[in-house]
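Engineer: My structure is below; once you've seen it, I'll send some questions.
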């Protein structure tokens, strides 16, 4: 076959950034919209999001959460009620100032996040301890006026879910925050096959208005960390700003305790970056729009026979797996192989006349390119096993890569050297002072990605920057 | 029991409008947001929307459609490309004029509908007949700056799905338009249990920019019609404005043919209005957030026994039906009955000590109040039957009501009298001239709701207004 099989994309290892942009466009996950910083999520990308929604929504509902929908527009005065919150978000808000032909008296923010409007409603709904906990999630679009954008990872508009809960005590809120963090970690590792570290943010890096922010962080192939989801303990900051009070069992009126948490379409970007290769996407079976592609291979004389076996296979597989049967005749098998590899379908099943003679099909794994025959009557059973193996192996690779690129630094010189030369996570003791955090950022571009939940003892350890006694052993990295 | 059982709502038959507003707030389907014309869809309302989404999305996917997501913001210049389109929508657009601290050079419309941005993308994606048909749907929020609003029926922001398809010929597009109209009718009648009439809109009433608009229309209890879904044949209007051309099999470059279609959260409003009664919501089992509520009734001495049977029942039912088990002790059974009736749960199952003696539970239908014992070992099986009966009976009632309130008028005097006194649909011959359509609107507030697909012969019939020869026999009604 002399035809050109592959839509050319740059090598992933040589130019991750360019590879990422190209693979997303060529695999038709997304396209640039004509407005700066905005993108269109095309069907191949949106189907991944639908799988993410389904798998995550199930976990939320199993833990007692329900969905609702709050308005897109938030009056400026509401956004200003929580001082830190507005300071954090005001620079990136898109403002509606005209409705029809009338100038609005008060500009409306297109929601950058919904704490302000949701808390305004909660102050009406929460009256008694009987109303708590209030466990509401919302699937929605949000807008942040970003200067530098990149498809899925940072765009002016994106899709996300945002949970907003109300509790009767700090402990209940904190338990919820960690429950959700656990759900995020479990979801990202099991379904997206991406290893993440979970922990708390430093005060400098926390959400605008939160008491504590917890995060799950993944490592991208270029050694930069990516914040994949956050869960905030809001304390009573918003309940005091918005007057959310309840009568407790002791009949006293108390300010409520709150949390908020979210993940976004950014997870699609992470999945692309972590698993893809030089030929395109490699999608984890659990969220791949198509898990299996069947490609019949035939010349005119074998056509009927091959197609009828292909159809039979398709009928057997499609009830169990998201399967596509590519029997188009205007494209060659070679073209189809390249196309479905580009699109990241985990398992390809080829079936040609010589296979039929042997009563077999040929399996090709997208991740390893491993190619092996499977007896026709074992196809369904083996497909299930192979998809599970792929899912497991993808996670294993991500886990190994992340661990191999998590290093300890013995002194500040080595710390800088790792961040400059090898990147990845650097684990080091920190005194807890913002001064040292800022120095690191200035000199290495790295930030504290997380403070692990129960770090090793810091007894006798010294801050990697200033040498003062350490408060925590933390994870530093450059990040997206 | 002396306690006040019911959250008071006005009688439905006396004041539908007030009843509607109150039942929505008290059953917690929605609440007013602090911004004029905007609402919050609360969990009980959003759960209905989730069921609508699931059941409709399945039908779309089975007919080859895929989902995608397009930007919320549309530059003013794009909206202006199709002249009729912008004229129709400009008066109700919300405009973003500031992003962060910068004034935008070109205002961005918050999408009132997405033809303009989607067509801009399609002009990049569509190249060849091989790319057609392109069958994309989007689930999204849209904003229309409305002056008079009412929860679910007309709000500044609402949720909807909008399909946008591209075809190689007029015939293919027309087939799609009618396929979708059929899906809408089937969905609304089978799942929402609301009878609808399907047909075409007059030119005056069609979508801004469409060649033809098709509609499904439902009759509300006050005799006003409600447009429940529309499907538009856009012809080549948008493909010419946005340069969507494809190379056909004959190698000629041709303008594509397009459709768009949508239903919205308005369907929730229709469901509430059609089925509800003086005690609150009556929800069709197919879309009810909870299909069954189990209420155990006990005094201290029977508590353990009753609760253990209740739990067993719950375990048996919850895998098959959306079931809630209300074993709360801080509320009396009477309070619970009223509460779940208000919320419209189709089937209540009561279980008390005397029932246990007889090895039975008591079923209470929400729609008819019918109350009857069911042997414990038949509960699951009978619940399934009863839910099906309720679904069927609700539709039957809606169908009967709609038919009874669809009348023919023998002359214009009777026509006006029906619209003034009895409302409902009035079927009458029409000459096809806008002049008569306008006269009717002015004198009776009624509009042509639809022109049926294959009307009776108009041979010898005369326009109800002007007496000229009739072109169609059409359905008039006042409407929401």
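Engineer: Of all the strands (runs of 3 or more DSSP E) wholly in the range B:405-457, which have at least 1 residues that are more than 27 Å from the chain's Cα centre (by Cα)?
Structural biologist: Values: elements: B:406-408, B:425-430, B:447-450.
It comes to B:425-430.
Engineer: Can you name every residue in the range A:167-187 that is part of a helix (DSSP H, G or I) and in contact with a helix residue (DSSP H, G or I) (Cβ under 7 Å, 6 or more places away or on another chain)? I'd like the intermediate steps shown before the answer.
Structural biologist: Let us first name the residues in the range A:167-187 that are part of a helix (DSSP H, G or I), namely A:170-187.
Result: A:183, A:187.
Engineer: Looking only at the range A:416-432, decide whether some residue is out of contact with any strand residue (DSSP E or B) (no Cβ under 8 Å at 6 or more places or on another chain) and more than 30 Å from residue A:147 (Cβ to Cβ).
Structural biologist: At the first step, the residues of the range A:416-432 found to be out of contact with any strand residue (DSSP E or B) (no Cβ under 8 Å at 6 or more places or on another chain) are A:416-417, A:420-421.
Those left that are additionally more than 30 Å from residue A:147 (Cβ to Cβ): A:417.
Within the range A:416-432, one or more residues are out of contact with any strand residue (DSSP E or B) (no Cβ under 8 Å at 6 or more places or on another chain) and more than 30 Å from residue A:147 (Cβ to Cβ).
Engineer: I'd like the full set of residues that are in contact with a helix residue (DSSP H, G or I) (Cβ under 9 Å, 6 or more places away or on another chain) and within 8 Å of another protein chain (Cβ to nearest Cβ), limited to the range A:139-150.
Structural biologist: A:143, A:145
Engineer: Working only within the range B:92-103, note down all residues that are facing another protein chain (nearest Cβ under 9 Å) and without any contact (Cβ under 8 Å) to a residue 40 or more places away in the chain. Write out each step before concluding.
Structural biologist: As a first pass, look at the range B:92-103 and keep what is facing another protein chain (nearest Cβ under 9 Å): B:92-102.
Of everything in the range B:92-103, those that are facing another protein chain (nearest Cβ under 9 Å) and without any contact (Cβ under 8 Å) to a residue 40 or more places away in the chain turn out to be B:95, B:96, B:97, B:98, B:99, B:100, B:101, B:102.
Engineer: May I ask you to verify whether residue B:234 is without any contact (Cβ under 8 Å) to a residue 12 or more places away in the chain, in contact with a strand residue (DSSP E or B) (Cβ under 9 Å, 6 or more places away or on another chain), more than 30 Å from residue B:417 (Cα to Cα) and assigned by TED's automatic domain parsing to the domain that holds residue B:54?
Structural biologist: Numbers: without any contact (Cβ under 8 Å) to a residue 12 or more places away in the chain: no; in contact with a strand residue (DSSP E or B) (Cβ under 9 Å, 6 or more places away or on another chain): yes; more than 30 Å from residue B:417 (Cα to Cα): yes; assigned by TED's automatic domain parsing to the domain that holds residue B:54: yes.
Considered against the rule, which asks whether it is without any contact (Cβ under 8 Å) to a residue 12 or more places away in the chain, in contact with a strand residue (DSSP E or B) (Cβ under 9 Å, 6 or more places away or on another chain), more than 30 Å from residue B:417 (Cα to Cα) and assigned by TED's automatic domain parsing to the domain that holds residue B:54, residue B:234 comes out as no.
Engineer: While we're here: Residue B:226 - would you say it is touching a helix residue (DSSP H, G or I) at 6+ places or on another chain (Cβ under 6 Å), in the same structural domain as residue B:69 (by TED's automatic domain parsing), touching a residue at least 60 places away in the same chain (Cβ under 8 Å) and part of a strand (DSSP E or B)?
Structural biologist: Working: touching a helix residue (DSSP H, G or I) at 6+ places or on another chain (Cβ under 6 Å): yes; in the same structural domain as residue B:69 (by TED's automatic domain parsing): yes; touching a residue at least 60 places away in the same chain (Cβ under 8 Å): yes; part of a strand (DSSP E or B): yes.
For residue B:226, the condition - touching a helix residue (DSSP H, G or I) at 6+ places or on another chain (Cβ under 6 Å), in the same structural domain as residue B:69 (by TED's automatic domain parsing), touching a residue at least 60 places away in the same chain (Cβ under 8 Å) and part of a strand (DSSP E or B) - is met.
Engineer: Just wondering, is there one or more residues in the range A:76-91 that are within 12 Å of chain B (Cβ to nearest Cβ), surrounded by 19 or more Cβ atoms within 10 Å (Cβ to Cβ), at pLDDT 90 or above and out of contact with any helix residue (DSSP H, G or I) (no Cβ under 7 Å at 6 or more places or on another chain)?
Structural biologist: No: the range A:76-91 contains no residue that is within 12 Å of chain B (Cβ to nearest Cβ), surrounded by 19 or more Cβ atoms within 10 Å (Cβ to Cβ), at pLDDT 90 or above and out of contact with any helix residue (DSSP H, G or I) (no Cβ under 7 Å at 6 or more places or on another chain).
Engineer: Among the residues of the range A:33-44, which ones are facing chain B (nearest Cβ under 8 Å) and under 19 Å from the mean Cα position of the chain (by Cα)?
Structural biologist: Initial filter on the range A:33-44 (facing chain B (nearest Cβ under 8 Å)): A:33-35, A:38-43.
Matches in the range A:33-44: A:38, A:39, A:40, A:41, A:42, A:43.
Engineer: When the range B:188-219 is examined, which residues are found to be in a helix (DSSP H, G or I) and surrounded by 24 or more Cβ atoms within 10 Å (Cβ to Cβ)? Show your work before the answer.
Structural biologist: Step one: of the range B:188-219, the residues in a helix (DSSP H, G or I) are B:188-190, B:203-205.
Once the filter is applied, which keeps residues that are in a helix (DSSP H, G or I) and surrounded by 24 or more Cβ atoms within 10 Å (Cβ to Cβ), the range B:188-219 yields only B:188.
Engineer: How many of the residues making up the range B:294-313 are in contact (Cβ under 8 Å) with a residue 40 or more places away in the chain and surrounded by 13 or more Cβ atoms within 10 Å (Cβ to Cβ)?
Structural biologist: So in the range B:294-313, the residues in contact (Cβ under 8 Å) with a residue 40 or more places away in the chain come out as B:294-299, B:302, B:305-306, B:309-310, B:313.
Those still in the list that are surrounded by 13 or more Cβ atoms within 10 Å (Cβ to Cβ) too: B:294-298, B:302, B:305-306, B:309-310, B:313.
Total meeting the criteria: 11.
Engineer: Can you tell which of A:30, A:11, A:120 is at the interface with another protein chain (Cβ under 10 Å from one of its Cβ atoms), touching a helix residue (DSSP H, G or I) at 6+ places or on another chain (Cβ under 9 Å) and over 28 Å from residue A:205 (Cα atoms)? Spell out how you get there, then give the answer.
Structural biologist: Numbers: A:11 fails: at the interface with another protein chain (Cβ under 10 Å from one of its Cβ atoms); A:120 fails: over 28 Å from residue A:205 (Cα atoms).
It is A:30.
Engineer: Please state which one of A:202, A:128, A:114 is away from chain B (no Cβ under 14 Å), modelled with pLDDT of 95 or more and more than 18 Å from the chain's Cα centre (by Cα). Give the steps one after another, and end with the answer.
Structural biologist: Values: A:128 fails: away from chain B (no Cβ under 14 Å); A:114 fails: away from chain B (no Cβ under 14 Å).
Criteria check complete, one pass: A:202.
Engineer: Restricting the range B:65-75 to residues that are at the interface with another protein chain (Cβ under 7 Å from one of its Cβ atoms) and either more than 24 Å from the chain's Cα centre (by Cα) or closer than 19 Å to residue A:44 by Cβ (or both), which is surrounded by the fewest Cβ atoms within 10 Å (Cβ to Cβ)? Write out each step before concluding.
Structural biologist: Let us first name the residues in the range B:65-75 that are at the interface with another protein chain (Cβ under 7 Å from one of its Cβ atoms), namely B:66-73, B:75.
Checking the rest, the ones that are also either more than 24 Å from the chain's Cα centre (by Cα) or closer than 19 Å to residue A:44 by Cβ (or both) come to B:66-71, B:73, B:75.
Values: B:66: 17, B:67: 19, B:68: 22, B:69: 24, B:70: 25, B:71: 27, B:73: 23, B:75: 20.
Within the range B:65-75, the match that is surrounded by the fewest Cβ atoms within 10 Å (Cβ to Cβ) is B:66.
Engineer: So, residue A:242, is that one in contact (Cβ under 8 Å) with a residue 24 or more places away in the chain, outside the structural domain of residue A:445 (by TED's automatic domain parsing), closer than 25 Å to residue A:111 by Cβ and surrounded by 19 or more Cβ atoms within 10 Å (Cβ to Cβ) or not? First the steps, then the outcome.
Structural biologist: Details: in contact (Cβ under 8 Å) with a residue 24 or more places away in the chain: yes; outside the structural domain of residue A:445 (by TED's automatic domain parsing): yes; closer than 25 Å to residue A:111 by Cβ: yes; surrounded by 19 or more Cβ atoms within 10 Å (Cβ to Cβ): yes.
Yes; evaluated as a whole, the condition is true for this residue.
Engineer: Let me ask you something else. Any idea which residue in the range A:151-165 is surrounded by the fewest Cβ atoms within 10 Å (Cβ to Cβ), counting only those that are assigned to a strand (DSSP E or B) and facing chain B (nearest Cβ under 10 Å)? Step through it out loud before you land on a result.
Structural biologist: Keep residues of the range A:151-165 that are assigned to a strand (DSSP E or B), which gives A:154, A:157-165.
If we keep only those that are facing chain B (nearest Cβ under 10 Å) as well, we get A:157-159.
Working: A:157: 24, A:158: 24, A:159: 21.
Within the range A:151-165, the match that is surrounded by the fewest Cβ atoms within 10 Å (Cβ to Cβ) is A:159.
Engineer: Residue B:380 - would you say it is modelled with pLDDT of 95 or more and assigned to a helix (DSSP H, G or I)?
Structural biologist: Working: modelled with pLDDT of 95 or more: yes; assigned to a helix (DSSP H, G or I): yes.
Taking the combined requirement at face value, the residue satisfies it.
Engineer: Has the range B:55-64 got at least one residue that is out of contact with any helix residue (DSSP H, G or I) (no Cβ under 9 Å at 6 or more places or on another chain), more than 9 Å from every other protein chain (Cβ to nearest Cβ), in a loop (DSSP other than H, G, I, E, B) and under 30 Å from residue B:136 (Cα atoms)?
Structural biologist: Yes, that holds for at least one residue.
The values are calculated or read from the model by the stated rules, or taken from the named source; none is laboratory data. Model, not experiment: these values are computed from the prediction. FYI the Cβ positions are ideal-geometry reconstructions off the backbone, even for glycines, and counts take in every protein chain you see.
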